[in-house]
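The values are calculated or read from the model by the stated rules, or taken from the named source; none is laboratory data. In this text the structure is predicted, and so the values were computed from the model without any measurement. As a convention, Cβ positions derive from the backbone with ideal geometry for all residues, glycine included, and neighbour counts pool all protein chains shown. Surface areas here come from the heavy atoms of the whole protein model, side chains and all, with no ligands, DNA or RNA. Shrake-Rupley method; radii C 1.70, N 1.55, O 1.52, S 1.80 Å.
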Amino acid sequence: MHRATCMLIFLIGWMSAKAQSTQDLIKKNMDLLAIAIPSAKSEPGIGENDGKPSTTPFKLPAGLRFVERPNKPFDPDIKKLHGNVNTFYADVHIEVNRDSLKVDAPTQITFPPGLVMLCVAPSRIQNGMLMGRVRINVPPTGIGPGGTRDTITLNLGMVCLNEGFGLPWEENIQGPGDIKNYPIGKGMYKPAGITTHKGLLQLAELLDQYPKLKLTKHYNPHLQFNEDYVQPEWMKIYSRIQEIVWMVTDGDGITKGELEKFKGELAAYK
């Protein structure tokens, strides 16, 4: 009788522990399914939506201003490429009035994570966003007439914010030789400001924490259409980043479980 009582107590305890364990497992799974980074697919200029994305102003330091240089060829010098993702590049041209700059030290330009580059081309082409901080030092002396004015050109690596829109480099294969083999949206973008969307800003600030994502190579985007194409290993993380961004811009957002998995994939780039 005593033995039977002990067995009954053990069985009740085991069933209680199992029920608690099942509850904990359900709770854990539900927690992993919770949205960690919210969707932006209802925002203007994002996903399938036309219009201009919501931004806060971005200004250059005094003595600097954005200009257009439609006739300047694309320069593939890797030193001019900045950023941590490369779905496409946006060329940026900055005129320097050195009479307005400090004469004893460089002037630093900081392009922040979440800087939106607005497509100004007439076609329905992707808007872009910078996913990490870029700092540029402008030296106090120049090469223009009298050494007072010149223009700096750089290429910023971007993600796309509209999965269903065209990519800015799609027609490059039929264009001039300077852009034919590069993912450059030459003359197609202007800085619009810093995104106000919580999820996009959260994702950009996350990626800014992985310095080894810094771009150090070009790629030819048209090679992927060859039948025997195999994506290089070094490119896979950038494709993955773009997939994650589209989960925010065109999907329902990123769950906690998906975010933790993504952070694991990024670990090698810390």
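Quick notes on this one:
- Yes/no for V103 being modelled with pLDDT of 95 or more, farther than 22 Å from D208 by Cβ and β-branched (V, I, T): no
- Checklist (1) under 16 Å from the mean Cα position of the chain (by Cα); (2) of a type outside the set (S, T, Y); (3) open to solvent by 20 Å² or more (accessible area, probe 1.4 Å) applied to G128, failing item: (3)
- The criterion of being farther than 15 Å from L154 by Cα, touching a residue at least 24 places away in the same chain (Cβ under 8 Å), under 19 Å from the mean Cα position of the chain (by Cα) and open to solvent by 20 Å² or more (accessible area, probe 1.4 Å) does not hold for P113.
- Filtered residue count, segment 194-249, keeping only those that are within 21 Å of K180 (Cβ to Cβ) and more than 11 Å from the chain's Cα centre (by Cα): 17
- Any hit, segment 143-150, residues being more than 19 Å from N84 (Cβ to Cβ) and either in contact with a Leu (Cβ under 9 Å, 6 or more places away or on another chain) or among the aliphatic types (A, V, I, L, M) (or both): yes
- Single match in P53, P57, P61 (criterion: modelled with pLDDT of 65 or more, over 20 Å from M129 (Cβ atoms) and in contact with a strand residue (DSSP E or B) (Cβ under 6 Å, 6 or more places away or on another chain)): P61
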